[in-house]
Amino acid sequence: MPRTVTVGLDGSRESLAAAQWAAGEASLRRLPLRLVNVWEPVPLGQAPLMGEETQRHWSERVPRDAAEELSRSHPDLEIGMEQLTGRPGEVLPQVAEDADLLVLGSRGLSGLGGFLVGSVGLAVVARAELPVVLVRGPEPGEGAGQRETDRTRYRPVVLGLDANAPDDKLIAFAFDEALRRDTRLIAVHAWNLPPYYSYGLPSGVSPGAELGASEAAALTQALLPWRQKYPALEVVEESVHGRAVNQLVDAARDASLLVVGRRIRRSSLGGRIGSVTHAVLHHSTAPVAVIPHP
């Protein structure tokens, strides 16, 4: 199967915003866009006014209508459509196995609530072994495709990185995204003082300064080979003290993309997302790319 950018559609404003973002990404990557709608039949007891045939009819319109709209805004983009039956959280990771990335929408909430990812989005992120991008839905009064304009493509790409355990797959994805957008990359490494640093230290000693210098040096060392590989790319290093979630969300407020990792852990209970990535998904206003890695 040829490489694609695949987007999961359910007809909501959030998924249409994701489709617009995915179309722009497919154009940047020079890849076809694949629109996938997973139809999960609703038991008649839960939808007494809508029979199965009517459900399927409306579901079939979702990718077709989206393709028509995207063809107008991206006339040179190759767009394919597919409709499947099953549970979206299980089907989407499987159908997108050969894709470059999978894109989904998330419903925006105002204030400190961040945005609600939803059970399907969390299930897909936890199961998928390819990059998954979650795109925030439009605010009230904002069109589905209004958020991702030509100008926002050139906003920075933010990379959340543990400088003491860097992963090449995660870093490569972020550098490539910044290069495609011809923008700068902001690499954020957050650290905290271990609890024992508060005990047994003589007065006048500042452990934070010493540890801060060490953590900054670790970030520089982790990025050094990538700076050499991408010499034309502007890279900003931010080694900061504080909670990783807060630092990443703040750094990505005016970003075109926030890139974070998820360690692949297989167990009888299914996949895990990780506490930092889970919180970032709920609070970031920028699209979030989650990169699975060992």
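The values are calculated or read from the model by the stated rules, or taken from the named source; none is laboratory data. Quick caveat, the model's predicted, so the values are computed rather than measured. So basically every Cβ, Gly included, is an ideal-geometry build from the backbone, and we count neighbours across all protein chains shown.
Would you pick out the residues in region 183-203 that are surrounded by 12 or more Cβ atoms within 10 Å (Cβ to Cβ), at pLDDT below 95 and outside any helix (DSSP H, G or I)?
Within region 183-203, 191, 192, 193 meet the criteria.
Residue 206 fails exactly one of the following numbered conditions: (1) surrounded by 14 or more Cβ atoms within 10 Å (Cβ to Cβ); (2) modelled with pLDDT under 95. What is the number of that condition?
The number of the failed condition is (1).
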